[in-house]
Amino acid sequence: MKTTIKHWLKSLRKSETGNATIEFVILFPVFIFIMLSSIELGVFTIKSALVERALDVVVRDVRLSTGNSPTHEELKTMICDETGAIPGCQNNIAIELYNIDPRAWYDIAETTTCTNRAEEVDPVTTFHNGMDNDLMVVRICAKYETLFENIGMSSLMQRDSSGDVAIVAISAFVQEPS
């Protein structure tokens, strides 16, 4: 009986069948994890760049349109028209506009007001139209759904209660005199 078990163990040790299967089982999940993480990170980077660009284009347009101070809804529409990255942009974007005195500087709030589809509408955001020569800081928060919920890098992203990820963009301009 012992010799049969010894003989069987020796034959297992010498056999090389199944080597490719073991490598596949060990390495395939790692490659899939890396591939899905790179796709998710690439999508996040592209969306972030498009939101930043849209904000910069709109801020430039507001800055150069002397005497024209757009309302909150007009600013939101202008940003959503410029970016195609956020589906349902009008409902998934929050805008904060701060009037900051450069001689008595204070930091804007660290926490960004964002939308949350899982909760009731909370329209309380800071939005102050500036006067001539005022320094204005615009901060937007855009929410979107990730491609993969709990796979790869998307499992490490901070989410709200509805499962959305936030993209925050900040820009500043000086309100030109009219």
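Provide the net charge surrounding LEU50, with neighbours chosen by a C-beta distance below 12 Å and charges set as Lys +1, Arg +1, Asp -1, Glu -1. Counting the neighbours of LEU50, the net charge comes to -1. Charging the Cβ of each Asp and Glu at -1 and of each Lys and Arg at +1, and nothing else, the dipole of the chain about its Cα centre rounds to 1740 debye. When the chain is treated as a GNM with alpha-carbon contacts under 10 Å, the residue of TYR106, TYR144, TYR98 showing the greatest mean-square fluctuation is TYR106. Principal semi-axes of the equivalent ellipsoid, √(5λ) from the alpha carbon gyration tensor of the chain, are 55, 15, 14 Å from largest down. Please name which of VAL174, SER154, PRO87 has its Cα lying farthest along the dipole of the chain towards the positive end, using unit charges on Cβ (Lys, Arg +1; Asp, Glu -1) and the Cα centre as origin. Farthest along the dipole direction, towards plus: SER154.
Just rank ILE86, ILE5, fewest to most, by other beta-carbon atoms within 10 angstrom. It would help to have the intermediate numbers written out before the result.
Values: ILE86 21, ILE5 9.
Taking fewest neighbouring Cβ atoms as first place, the list is ILE5, ILE86.
Summary of the geometry: segment 1-34 and segment 37-74, compared by the centres of their Cα atoms, lie 54 Å apart. Each residue, ASP56 and PHE28, gets one label point 7 Å from its Cα in the Cβ direction; the gap between the two is 4.4 nm.
Every read-out reported here was derived from the displayed coordinates using simple, explicitly stated rules and does not represent laboratory data. As the structure is a computational prediction, the values presented were derived from the model and not from experiment. Neighbour counts run over all protein chains shown; Cβ positions are idealised from the backbone, glycine included.
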